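Q: Right, I'll just put the structure down here and ask away after.
The values are calculated or read from the model by the stated rules, or taken from the named source; none is laboratory data. Please read these numbers as outputs of a predicted model, since none were measured by experiment. Virtual Cβ from ideal backbone geometry, glycine too; neighbours counted across all protein chains shown. The area values use the complete protein model at the heavy-atom level, side chains included, leaving out ligands, DNA and RNA. Shrake-Rupley method; radii C 1.70, N 1.55, O 1.52, S 1.80 Å.
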Amino acid sequence: MRFVVPTFPRRPRAEPRPARAGPPAKPSDIIAGPIRGELLGADRLAGRARGLAHEQRVAQPGDRRRIAPLLERLDETRGILDRAHERLAAAAERDLAVGPAAEWLLDNYHVVDEHLREVRESLPRGYYRELPQLASGPLAGYPRVYEIAITLISHTEARIDLEQVELVVGAFQEVRALSIGELWALPAMLRLGLIESVRRMALRTVARLSEVEEADRWAARLHDAMGRDADALSDALNALVASPPVLGAAFVSRFLQQLRATDSPFTPLAWIEQWIAEDAMSAEEASSRAARRLAQTQVAMANSIMSLRAVGRMDWPRFIERSSRLEAVLRGDPAGHYPRMTFGTRDHYRHVVEGIAKRTGEDEVVVAMRAVALARAAASEGASETTDTRRAHVGFYLVADGRVTLERAMGYRPGPREWVHRWVLRHPNIVFVGGILASTLATLAAVLWLGGPAARAAWPAVLLVALIPASEIAARAVNQLVTAFLPPRTLPKLDFGARGADGGIPAEYRTAVVVPTLFGSVRAVEEALEHLEVQFLANREAELRFALLTDFIDAGAESAPGDDAIIAAAAAGVRALNARYGDSDGDGGEDPFYLFHRPRRLNPRQGVWMGWERKRGKLGEFNRFLRGDASAERAFSAIVGDVRGLRGVRYVITLDSDTMLPPGAAALLIGTLAHP
């Protein structure tokens, strides 16, 4: 059989595009290679990070770009990945060979989607624009910390772990320190880089799918033509040669495979193989390149998705504190309290330093060093009895009265909004009372205006009638405004949790948790004991004591039937709790549970026998007992438990009989009270 095949011009072979270490400059560059560079070991990777720190040029604040290219690309990436997922899922349902990279994406698309949302939540535009930007290079206008993330991804084949991150960041900071904001942005930047890698591999996978589908269509067309007659086959071959598809490796490999996959031999197969070899590549080369590209795409996709999972599991707060130069300076707090504080409190201190540094143009480390120097100077004056010991704590100059001293030393000037906020806090009576008065007058004026001429003619009576409701409306409005514009201030805390620096509540902060209650029956005793045990189990600390402060219910006489049974049940219950838990706390066998019961006293005014001053009286007499007042002990008719365990109690936490103390809440409250 002879085929009349038209001649056609030779096309040069397409050279593979080099891999890039950043996002493509234009969205049209949709099939970029993986983010990859030379695979480096630990030493060379650290050297590359130091070299990057030397190479980077950071834009000045006035030269920074207002656009957020990473966030804009993220929005575009979400749409691309959604469409790619739909396309690949539809092909997989048709049992088409979508490839292992596509299977990774289909099986783990929820992971990618979760990290897309995480980046959006953790990287708002305002925060993004505050990050130092690169002034030159292929990533000019991008945050410099993004280039660090891309460098790490490219030289590890997208296999990320915390040890590598610490290595690269540590080596980079040997040359140039990163701000606390950049360190907090690093997880988002790693996510962005890995999502960029997933995007590229998804586009490459979809492009391969298009080649496979095109190859299947041409193979089916030629097989169909061969099954009819020679003219139909000749026409089909002429169409293939006249308007050939892109002869990529995936197309050629799949096309020739489909032509061979038939029971009867395809007669012009040798001619087609020769034509393709002359115009593009041989069958062996196509198969090799397609397999290599398929494996490369799978590895990049799998590594990127597994690294996204790893990034989500990493202990970033701990990493921030280990990596921050600012943190290292603040840990030099002369009072020694800073390392013992909760993470949230330390983070608040760091953000205060960050804010002062941004406003003054100074480095964060310089601001922190100045605060520590002020605290150290105050500590050196500690020999004087009149010296406020709080001044030796660095927080005094960051979140307390010493803030003015630090700001003066740094040349800090608050912005307009901050100035107004501070003025309001300095003049609370003027703002609150003045606001109510002004709102009341405005409300009365509105009443007169809405009432018309008749109301204005009888204005004294109208104002008299409307004064009280107007003042109520004004007070509620001012309260709402205060709540909206003056959020509550977070109190600093020492970390007395099990994982804190002190590993639990220290002995000098021993605390009693007390529940004032009334006993009217044995059933009430059982409920009170059960409630107390629950609080203990939720807050098992060696330096916590739990006590019931109890009275009988009011009666017409000093004693009533059933009183003895109630006291006996309460005493037996407390002893049972001490027997169950008293030897398991490592506190020398001291009792964790106590009962303090008072007798009734006559209240002549009310004409009943009752507990003196009820709840307030119980708490007052218990506090006097803790302070060693001998008369206070006589106020209680029954005390159960070894009271030696209450000596040295510094704080008392009071719970109602229906109030729960959540797990860890006691240590948090005590840490707040103990903070200087």
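Q: Among Arg359, Arg346, Arg318, Arg322, which is open to solvent by less than 30 Å² (accessible area, probe 1.4 Å), among the charged types (D, E, K, R) and assigned to a helix (DSSP H, G or I)? Spell out the reasoning first.
A: On the way: Arg359 fails: open to solvent by less than 30 Å² (accessible area, probe 1.4 Å); Arg318 fails: open to solvent by less than 30 Å² (accessible area, probe 1.4 Å); Arg322 fails: open to solvent by less than 30 Å² (accessible area, probe 1.4 Å).
Arg346 is the lone residue from the list that is open to solvent by less than 30 Å² (accessible area, probe 1.4 Å), among the charged types (D, E, K, R) and assigned to a helix (DSSP H, G or I).
Q: Consider Ile150 carefully, then state whether it is touching a Gly at 6+ places or on another chain (Cβ under 7 Å) and in a helix (DSSP H, G or I). Break it down into steps so the answer makes sense when it comes.
A: Numbers: touching a Gly at 6+ places or on another chain (Cβ under 7 Å): yes; in a helix (DSSP H, G or I): yes.
For Ile150, the condition - touching a Gly at 6+ places or on another chain (Cβ under 7 Å) and in a helix (DSSP H, G or I) - is met.
Q: Let me ask another. Return the residue satisfying two criteria in turn: it lies in segment 479-537 and is in a strand (DSSP E or B) and among the polar types (S, T, N, Q), and of such residues it is farthest from Phe396 (Cα to Cα). Working first, answer last.
A: Taking segment 479-537 as the starting set, the residues that turn out to be in a strand (DSSP E or B) are 494, 511-519.
Next cut, among the polar types (S, T, N, Q) only: 511, 517.
Details: Thr511: 26, Thr517: 40 Å.
Looking at the filtered set, the residue picked out is Thr517.
Q: Of the residues that make up segment 468-477, is at least one out of contact with any strand residue (DSSP E or B) (no Cβ under 9 Å at 6 or more places or on another chain), open to solvent by 40 Å² or more (accessible area, probe 1.4 Å) and within 30 Å of Gly641 (Cβ to Cβ)?
A: No, segment 468-477 contains no residue that is out of contact with any strand residue (DSSP E or B) (no Cβ under 9 Å at 6 or more places or on another chain), open to solvent by 40 Å² or more (accessible area, probe 1.4 Å) and within 30 Å of Gly641 (Cβ to Cβ).
Q: Starting from residues that are without any contact (Cβ under 8 Å) to a residue 12 or more places away in the chain and basic (Lys, Arg), keep the ones in segment 196-246 and report whichever is least open to solvent (accessible area, probe 1.4 Å).
A: Per the stated criteria, the residue is Arg217.
Q: Now for a separate question. Within segment 380-407, take every residue that is of a type in the set (Gly, Ala, Ser) and surrounded by fewer than 18 Cβ atoms within 10 Å (Cβ to Cβ) and give me the one that is modelled with the lowest pLDDT. Let's see the steps before the verdict.
A: Taking segment 380-407 as the starting set, the residues that turn out to be of a type in the set (Gly, Ala, Ser) are 380, 382-384, 392, 395, 400, 402.
Filter once more, keeping what is surrounded by fewer than 18 Cβ atoms within 10 Å (Cβ to Cβ): 380, 382-384, 400.
Values: Ser380: 85, Gly382: 63, Ala383: 45, Ser384: 52, Ala400: 92.
Checking each candidate, the answer is Ala383.
Q: Any idea which of Ala547, Ala542 is assigned to a loop (DSSP other than H, G, I, E, B) and under 21 Å from Arg644 (Cβ atoms)? Give the steps one after another, and end with the answer.
A: Values: Ala547 fails: assigned to a loop (DSSP other than H, G, I, E, B).
Going through Ala547, Ala542 in turn, just one is assigned to a loop (DSSP other than H, G, I, E, B) and under 21 Å from Arg644 (Cβ atoms): Ala542.
Q: Any residue at all in segment 270-280 that is in contact with a helix residue (DSSP H, G or I) (Cβ under 8 Å, 6 or more places away or on another chain), in contact (Cβ under 8 Å) with a residue 12 or more places away in the chain, crowded, with 17+ Cβ neighbours inside 10 Å and within 30 Å of Ser197 (Cβ to Cβ)?
A: yes
Q: For segment 511-566, what are the residues that are open to solvent by 10 Å² or more (accessible area, probe 1.4 Å), of a type in the set (A, V, I, L, M, F, W, C) and in contact with a Ser or Thr (Cβ under 6 Å, 6 or more places away or on another chain)?
A: Selection gives Ala528 alone.
Q: Suppose we keep only residues that are outside any helix (DSSP H, G or I) and of a type outside the set (Val, Ile, Thr) within segment 169-195. Which one would you say is surrounded by the most Cβ atoms within 10 Å (Cβ to Cβ)?
A: The extreme case among them is Leu178.
Q: Looking at (1) modelled with pLDDT under 90; (2) under 35 Å from the mean Cα position of the chain (by Cα), which is the one condition that is false for Val299?
A: Looking at each condition in turn, Val299 falls short on (1).
Q: How do the helices (runs of 4 or more DSSP H) wholly within segment 614-676 filter down when requiring 1 or more residues that are of a type in the set (Lys, Arg): which remain? Quick ask: steps written out before the conclusion?
A: Numbers: elements: 614-626, 630-633, 665-674.
Here the list reads 614-626.
Q: Now a separate question. Going by the structure shown, is Leu467 touching a Phe, Trp or Tyr at 6+ places or on another chain (Cβ under 7 Å) and not β-branched (Val, Ile, Thr)? Reasoning before the result, please.
A: On the way: touching a Phe, Trp or Tyr at 6+ places or on another chain (Cβ under 7 Å): no; not β-branched (Val, Ile, Thr): yes.
Taking the combined requirement at face value, the residue does not satisfy it.
Q: Given the structure, is Arg417 at pLDDT below 90, closer than 19 Å to Val352 by Cβ and exposed (fewer than 12 other Cβ atoms within 10 Å of the Cβ)?
A: So Arg417 passes the test.
Q: Any residue in segment 572-581 that is over 21 Å from Ala542 (Cβ atoms) and open to solvent by 40 Å² or more (accessible area, probe 1.4 Å)?
A: To start, the set of residues in segment 572-581 that are over 21 Å from Ala542 (Cβ atoms) comprises 572-573.
Add one more test, that the residue is open to solvent by 40 Å² or more (accessible area, probe 1.4 Å), and what stays is 572.
Looking for residues that are over 21 Å from Ala542 (Cβ atoms) and open to solvent by 40 Å² or more (accessible area, probe 1.4 Å), one finds at least one in segment 572-581, hence yes.
Q: Okay, next question. Of (1) free of Cβ contacts under 8 Å to residues at least 12 places away in the same chain; (2) in contact with a helix residue (DSSP H, G or I) (Cβ under 8 Å, 6 or more places away or on another chain); (3) assigned to a helix (DSSP H, G or I); (4) open to solvent by less than 80 Å² (accessible area, probe 1.4 Å), Arg456 satisfies all except one. Which?
A: (4)
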